[in-house]
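First up is the structure itself, then whatever we jot down about it.
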Amino acid sequence: MSRILIIEDESAIRRVLLKIIQEENSSYEIEEAEDGEIGWQMLEKNDYDLVLCDIKMPKMDGVEVLTKTLSIKPDIPFIMISGHGDLETAVESMRIGAFDYISKPPDLNRLLNAIRNALDRKKLVVENKRLKKKVAKNYEMIGESESIIQIKDMIEKVAPTEARVLITGENGTGKELVAHWIHQKSNRSNGPMVEVNCAAIPSELIESELFGHIKGSFTGANKDRAGKFEAANGGTIFLDEIGDMSLSAQAKVLRALQENRVSRVGSDKDIVVNVRVVAATNKNLKEEIESGRFREDLYHRLAVILIKVPSLNERKEDIPLLVNYFADAIAKEHGSTQRRFSLEAMQKLQSYNWTGNIRELRNVVERLLILGGKVISENDVTMFVSK
């Protein structure tokens with residue numbers, strides 16, 4: 001049920017607005033305020049899905065109500081109600097952040113369309129926030145070891161900048177988690193986060209995947225297609241396992257970083273892009289440079305900030321936290337109650353050599369939850385974990 005507040009000092013206009021809205025949808029919960037000061041007090045105390053607010057009112061005008069409200073509740077859509085002489089102020093209110101404005105006397109269709117659109121936008125804003133929280137939860141970094149605290153501190157410093165970041169570490173250590181945290185905490189968080197696994201794309205297709213192609217540029221190119229750099233415009237592109245990228249693709253990536261422009265395969269037209277690049281690799285790129293498999297100039301472009309993600313064997317003190325986190329997440333996925341790991345079971349898990357890192361640990365936790373007892377014991381670990 002949508003909750004709407006009408007702030008209007010003219011009782012006749014309030015009655016008209018109330019009647020129009022109720023006839024549109026009788027389920028709307030509508031409240032009224034007879035001046036700006038009362039409206040502001042109600043907005044401070046309560047949450048609303050939409051506010052219809054007059055501009056010229058005693059005690060506090062509509063622009064002041066709008067400005068003060070958006071400073072603490074920026075997601076509430078305001079439809080400003082303007083008299084004939086208030087149009088300039090109405091336009092100014094749009095600049096401040098109002099969703100729309102309606103002239104007096106209100107046109108029925110114009111008003112209803114504005115109300116529907118404003119409520120739809122509010123729903124989208126709420127849903128986007130919910131999805132972002134869900135994504136952030138999926139990419140949560142678990143750990144209290146010194147190395148993880150250092151990485152979290154570095155992310156807090158680096159994320160708000162435009163600096164390119166190169167993330168290194170073994171397979172399964174969580175390099176993609178670091179990349180997502182950088183994006184979520186950056187000024188680009190409202191933009192797209194596009195991931196490219198360079199190791200999973202054949203070398204003959206990597207350029208098309210990154211930069212797109214035009215119809216007829218190669219066999220199978222049946223139509224024009226935008227690349228990942230274009231898709232990431234205004235946001236972040238994450239080039240995972242960049243050490244596996246072909247030298248020809250590396251040259252194009254270097255150009256994209258230098259000039260902020262790309263060209264699709266088969267085209268000589270440049271496309272301007274505004275993209276932050278975060279890259280990751282499990283290889284030693286300096287060794288790859290010496291062997292001629294990676295461009296040194298590209299390395300220096302990418303490695304403005306270097307973040308090394310430790311292996312699980314380097315942060316075994318985090319294993320109990322990780323086990324409990326995975327156990328809780330897996331129980332929710334399966335719709336079952338969370339099970340406890342005994343102290344001895346935890347110690348046993350901490351004693352192992354985790355060559356597959358966190359990815360391997362999660363698989364082991366899931367196996368133990370399926371095959372182990374009500375409380376996962378040391379014997380369960382010994383029996384079901386082959387190490």
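The values are calculated or read from the model by the stated rules, or taken from the named source; none is laboratory data. Note that the structure is predicted; figures quoted are calculated from it, not measured. Because the Cβ atoms are built from the backbone with ideal geometry, glycine has one as well, and the counts that use them run over all protein chains shown.
None of 55, 76, 72, 81 is under 21 Å from residue 126 (Cα atoms), buried (at least 16 other Cβ atoms within 10 Å of the Cβ) and touching an Asp or Glu at 6+ places or on another chain (Cβ under 8 Å) except 76.
Give the residues of region 158-201 that are within 22 Å of residue 282 (Cα to Cα), in a loop (DSSP other than H, G, I, E, B) and in contact with a helix residue (DSSP H, G or I) (Cβ under 8 Å, 6 or more places away or on another chain), sorted by residue number. Break it down stepwise before answering.
The first filter runs over region 158-201 and keeps only residues within 22 Å of residue 282 (Cα to Cα), leaving 158-159, 163-183, 193-201.
Add one more test, that the residue is in a loop (DSSP other than H, G, I, E, B), and what stays is 159, 163-164, 169-174, 201.
159, 164, 169, 170, 171, 172, 173, 174, 201 - these are the residues of region 158-201 that are within 22 Å of residue 282 (Cα to Cα), in a loop (DSSP other than H, G, I, E, B) and in contact with a helix residue (DSSP H, G or I) (Cβ under 8 Å, 6 or more places away or on another chain).
Among residues of region 23-35 that are touching a residue at least 60 places away in the same chain (Cβ under 8 Å), those with a Cβ under 8 angstrom from a residue that is surrounded by 17 or more Cβ atoms within 10 Å (Cβ to Cβ), sequence gap 6+ or separate chain, pair up as 24/115.
Please pick out the residue among 322, 302 that is more than 26 Å from residue 164 (Cβ to Cβ), within 27 Å of the chain's Cα centre (by Cα) and crowded, with 17+ Cβ neighbours inside 10 Å.
On the way: 302 fails: more than 26 Å from residue 164 (Cβ to Cβ).
Going through 322, 302 in turn, just one is more than 26 Å from residue 164 (Cβ to Cβ), within 27 Å of the chain's Cα centre (by Cα) and crowded, with 17+ Cβ neighbours inside 10 Å: 322.
Listed by first and then second residue, the pairs linking a residue in region 324-348 that is aliphatic (A, V, I, L, M) to a residue that is part of a loop (DSSP other than H, G, I, E, B) and buried (at least 16 other Cβ atoms within 10 Å of the Cβ), with Cβ atoms under 8 Å apart and 6 or more places separating them unless they lie on different chains, are 327/339; 331/339; 345/377.
Out of region 290-332, which residues are assigned to a helix (DSSP H, G or I) and under 20 Å from residue 276 (Cβ atoms)? The answer is 297, 298, 299, 300, 301, 302.
Can you pull out every residue in region 160-198 that is of a type in the set (Gly, Ala, Ser), more than 28 Å from residue 354 (Cβ to Cβ) and at pLDDT below 95? Across region 160-198, the qualifying residues are 186, 189, 191.
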